[in-house]
Amino acid sequence: MRIMAVDDEFLALEDFEDTCRSLGITDEIVKFSNPLDALEYVAKNKVDIAFLDIEMPVIKGIELAKRIKALSKNTRIILVFFCFILSLLNLII
């Protein structure tokens with residue numbers, strides 16, 4: 001399974017990957033701080049799940065989700081505030 005995370009804050013992406021790894025998730029995780037780079041990646045690669053930050057300066061998460069779905073109908077989209085999801089995942093550990 002390939003997981004993609006998109007957030008304009010690099011540290012949030014690093015924390016997301018670290019948290020996934022600490023939960024035993026060994027799937028491929030690709031990270032992008034620029035939504036346009038993420039779109040380019042989706043156009044060329046299969047992505048199973050995309051975690052998208054809702055608030056980003058270049059493209060908002062909802063618009064990015066629509067564009068990803070136009071490129072890849074089978075990609076599951078999860079819109080999050082990364083700081084919230086990281087806090088939630090840390091409670092589980």
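The values are calculated or read from the model by the stated rules, or taken from the named source; none is laboratory data. Predicted model, so just to flag it, every value in this text is computed and none were measured. Note: ideal-geometry Cβ built from the backbone for every residue, glycine included; neighbour counts use all protein chains shown.
Among all residue pairs at least 6 apart or on different chains, which show Cβ distances below 9 Å where the first residue, located in region 1-27, is part of a loop (DSSP other than H, G, I, E, B) and the second is basic (K, R) and modelled with pLDDT of 90 or more?
These pairs meet every condition: D7/K31; D27/R2.
Is it the case that K44 is modelled with pLDDT of 90 or more, more than 13 Å from the chain's Cα centre (by Cα) and surrounded by fewer than 12 Cβ atoms within 10 Å (Cβ to Cβ)?
Details: modelled with pLDDT of 90 or more: yes; more than 13 Å from the chain's Cα centre (by Cα): yes; surrounded by fewer than 12 Cβ atoms within 10 Å (Cβ to Cβ): yes.
For K44, the condition - modelled with pLDDT of 90 or more, more than 13 Å from the chain's Cα centre (by Cα) and surrounded by fewer than 12 Cβ atoms within 10 Å (Cβ to Cβ) - is met.
Can you confirm whether region 79-87 contains a residue that is in a strand (DSSP E or B) and at pLDDT below 95?
Yes, some residue in region 79-87 is in a strand (DSSP E or B) and at pLDDT below 95.
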